[in-house]
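These notes are about the structure you will find just below.
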Amino acid sequence: MAKVFFWKEAEKDYKKLDGMLKQWVDAAGERLRIRGSEIGKDLGNTTYSKLAGFKELKNQKLGIRLIFKPTTDNQIEIIEIVAIGKREEEKIFLTAEKRRKKHL
């Protein structure tokens with residue numbers, strides 16, 4: 001079992017979503033709480049973002065991505081949700097990169 005936290009900016013992202021997308025994020029958060037970092041696609045570094053160590057969950061049908069950072073603190077897995085957004089080009093990755101720089 002993991003502990004799931006939203007960064008403040010990700011909370012704002014969540015509040016902007018409509019009902020169906022919020023339901024998906026809620027379900028994704030529950031999956032992350034239960035399965036932790038074993039789910040999601042590993043992200044890497046590119047020319048425009050340094051997201052190695054971060055992961056993503058996405059729903060192609062709904063057109064949404066959730067970027068998160070798994071960490072461990074005293075054997076407790078912590079999942080930090082960094083950004084939630086539409087799958088518009090690479091915008092969500094740029095947003096996650098800006099937030100990473102701000103927080104780390």
Next item on the list: Could I have the simple spin-label model distance between Ile34 and Ile78, label points 7 Å from Cα toward Cβ, reported in nm to one decimal?
Entry: 2.5
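Set the Förster distance to 25 Å, then compute FRET efficiency between Lys22 and Lys102 from the Cβ-Cβ distance, nearest 0.05.
0.55
If you place +1 on the Cβ of every Lys and Arg and -1 on the Cβ of every Asp and Glu, how big does the dipole about the Cα centre of the chain come out, in debye to the nearest 20? Can you show the working numbers first?
Working: 24 positive and 16 negative charges, 51 e Å.
That gives the chain a dipole magnitude of about 240 debye.
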Notebook entry, point to check: Tell me which lysines have Cα within less than 22 Å of Lys41's Cα, excluding those fewer than 8 residues away on the same chain?
Noted result: Lys3, Lys22, Lys50, Lys55, Lys58, Lys61, Lys69, Lys86, Lys91, Lys98, Lys101
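Every read-out reported here was derived from the displayed coordinates using simple, explicitly stated rules and does not represent laboratory data. Fair warning: this is a prediction, and the values are worked out from it, not measured in the lab. Methodologically, a virtual Cβ is constructed for each residue, glycine included, from the backbone with ideal geometry; neighbour enumeration extends over all protein chains shown.
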